[in-house]
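Where a number appears in this text, it was derived from the coordinates with a stated rule and is not lab data. Fair warning: this is a prediction, and the values are worked out from it, not measured in the lab. With ideal geometry, Cβ positions are generated from the backbone for all residues, glycine too; neighbour counts draw on all protein chains shown.
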Amino acid sequence: MSDIGDWFRSIPFITRYWFAASIAVPLIGKLGLVDIRNLLLFPEMVFSRFHIWRPVTATLYFPITPNTGFLYLVNLYFLYHYSTRLETGSFDGRPADYIFMLLFNWICIVLLMIPLIMSVLYIWAQFNKDTVVSFWFGTQFKAHYLPWVILAFNFIIGGSFVNELTGNLVGHLYFFLMFKYPMDLGGRAFLSTPEFLYRFFPNRRGGVSGFGVPPTRRQAPQDNAGGLGGRHNWGQGFRLGDE
């Protein structure tokens, strides 16, 4: 049990609690400890009876049945795997920025579990687009294609792709507004982390530890002495399996 405890404590802070809650809430519903209807999002219950926990539990809840159990485990693995790499990579030392990213995506996807996980995976893939990843049956391809491969995979095993598509679109929206448009295209910054999040979750020293790096802000034209046209090196990412 100590090995499991050490492994759990090794998960980065935000991912650790998200991962644990994504196990606890579905199990509570599965075991009948709480009426499932009290976990789901009914807007009239939120506003009329002030059930303020429903938007959170609705995001964490997944109906575990013999037909959906495998899909749940696959998405739980995606949550752990890619949220860990994003939190310890591009958002390393910046918990407030990571929480803001999750909050933005959480609101946009109308509080559903799989789209939120897929939005995180999509953002990781954008930071590591040239990284070669392995998938089922030994197939390998660049991480840039991973969200769409998973969309097709979940469609095959689950019969739907709406959740995955929603997550990819929301992840793209966040990445474009936060990084691509203001930093690479020189546009206005539409998104910024609120100051109160920095007060609760201050930045830590240490910098990026791997698994992709965030782009730097585009320099003004007069600073581009090298004539590179203001383009950016988005990072080479981190090849899975490498030390």
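Summary table
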| read-out | value |
| --- | --- |
| Segment TYR77-TYR181, extension gain: residue separation times 0.36 nm, minus the distance between their alpha carbons | 34.4 nm |
| From the C-alpha gyration tensor of the stretch 91-199, square roots of 5λ in Å | 26, 17, 13 |
| Space enclosed by the convex hull of the alpha-carbon atoms of the stretch 50-150, per residue, Å³ | 109 Å³ |
| Using θ = phi - 60° and Karplus 6.51 cos²θ - 1.76 cosθ + 1.60, couplings along the stretch 130-143 (whole Hz; Gly, Pro as x) | 9, 6, 8, 10, 9, 10, 4, 6, x, 5, 10, 6, 6, 4 |
| Per-peptide average of other Cβ atoms within 10 Å, ordering 65-78, 3-16 highest first | 65-78, 3-16 |
| For the stretch 3-200: relative contact order, % (alpha-carbon pairs under 8 angstrom, 6 or more apart) | 18 percent |
| Mean projected area in nm² (Cα convex hull; one quarter of hull surface) for the stretch 3-200 | 13.3 nm² |
| Stretchable slack from GLN140 to HIS172, in nm (0.36 nm times residue separation minus alpha-carbon distance) | 9.3 nm |
